[in-house]
Amino acid sequence: MTADFIKRSFAKMGARVKFGEATSERGVARRELLLDVRIDKRGEYFFIRRQEPSRMELTVLDVQPRDRHLLLLSRNGQDKHRFLLGHDERHWFVAGIPEIAPVSRVQDAKQALKPEAVLTREHCLRSKYRDRRTNAARVRQGEWFFVPAVALQVDNWLVLRHEPLLRGRGSKPHMCEELYRFGGETVYVSPGAPNGLTEGEYQALSPQQRQRWSWGVRKRNPKVYVRGRVRHPDHATVALDGWHEVFMNTESLSQAMRDVVFLD
């Protein structure tokens, strides 16, 4: 598929796209493909970078102009990855689709990004309600889903206030008015290991490697519940009446987005 055809497909959903060769900036030179959202004087645009020479083919599988979403396929031999690109509230975004869901339509890609708990709760809803940011089954803010946990009772001394929800890799936090968490895997986080190292991985580092960074202790993939207001600069604030269990979308299951994890 030619660059001009791809540009026309992006234009159908009201977006601009530029192409360039992958460089060593931000330590991503080893990646054959990088999809980015950038800003120039005209506003946001998609930037597609490929290492050259490359045998990778890019194909637009589906465009939904009214919905402002597009499904993109990258193919290099038998290696295939799908990405949902679109507009959510205030900004453009890129989300990797798990490879176990070989979707060919935007609507199916949206469903593939929903965690199993959300799909189960939405099963009884009519299809026209399932893509809304808020429906009877859950509330969505960006990549996070909040599912009511009606039976949950939490002692006040366990409730944390003004706590962040983070995906790792320096993403902007979603700030929660009230949060309760338990379980999960303890990891050590630093600028050099933003997704966290397990106890064994941390202990295996040399003293020089440990001293190079400032480390913090976090929980990876804990059970998390939130209540009250959840704020984020790129999204409208949501107000959760009662406790809701937190689920991240399935983007982290995509090999193309494997560096994204749930750190809390």
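Mind pulling up the Rg/Rh value for segment 138-244? Radius of gyration and Kirkwood radius, both on Cα. Checking Rg against Rh, the ratio lands at 1.04. With distances taken between every two different alpha-carbon atoms, segment 33-184 has a Kirkwood hydrodynamic radius of 18.1 Å.
Scattering from segment 3-113 was approximated by placing one identical point on each alpha carbon and applying the Debye formula without solvent; log10 I(q)/I(0) at 0.16 1/Å stands at -0.73. Relative to one another, the C-alpha centroids of segment 97-163 and segment 182-198 are positioned 25 Å apart.
A crude spin-label estimate for the pair Arg231 and Ala117, with each label 7 Å from Cα along the Cβ direction, gives 2.5 nm. Amide hydrogen proximity for Lys18: with H placed 1.01 Å from N in the peptide plane, the residues at 5 or more positions away or on another chain lying under 5 Å are Phe46, Phe47, Ile48. Per-residue ellipticity at 222 nm, computed for the chain from helices alone with -39500 (n - 2.57) per DSSP H run of at least four residues, works out to -3000 deg cm²/dmol.
Within the same chain, lysines fewer than 8 places from Lys18 are excluded, and of the rest, those with a Cα less than 19 Å from its Cα are Lys7, Lys41.
Ranked for footprinting exposure by Cβ neighbours inside 10 Å, fewest first, Cys124, Cys176 give Cys124, Cys176. Stretching Val217 away from Ala101 to a fully extended chain increases their span by 38.4 nm, per 0.36 nm per residue minus the current alpha-carbon distance.
Under a 5 Å amide H cut-off, with hydrogens placed 1.01 Å from N, Gly192 pairs with nothing among residues at least 5 apart or on other chains.
Remark: the Gln255-Arg42 segment gains 73.5 nm on full extension, using 0.36 nm per residue and subtracting the alpha carbon distance. Extension gain, Lys80-Lys172: 0.36 nm per intervening residue step, less the Cα-Cα distance, totals 30.2 nm.
Loop-located trypsin sites (Lys or Arg not before Pro) in segment 62-129 (DSSP state other than H, G, I, E, B) with a sparse environment of at most 15 neighbouring Cβ atoms within 10 Å: Arg66, Arg90, Arg105, Arg126.
Amide H contacts of Glu143 (H built 1.01 Å from N, in plane; Pro and chain starts excluded): no residue 5 or more places away or on another chain comes under 5 Å.
Rule-based calculations on the coordinates, nothing more; no lab input. The structure displayed is predicted, hence computed values, not measured ones. Cβ atoms come from the backbone with ideal geometry, glycine included; neighbour counts cover every protein chain shown.
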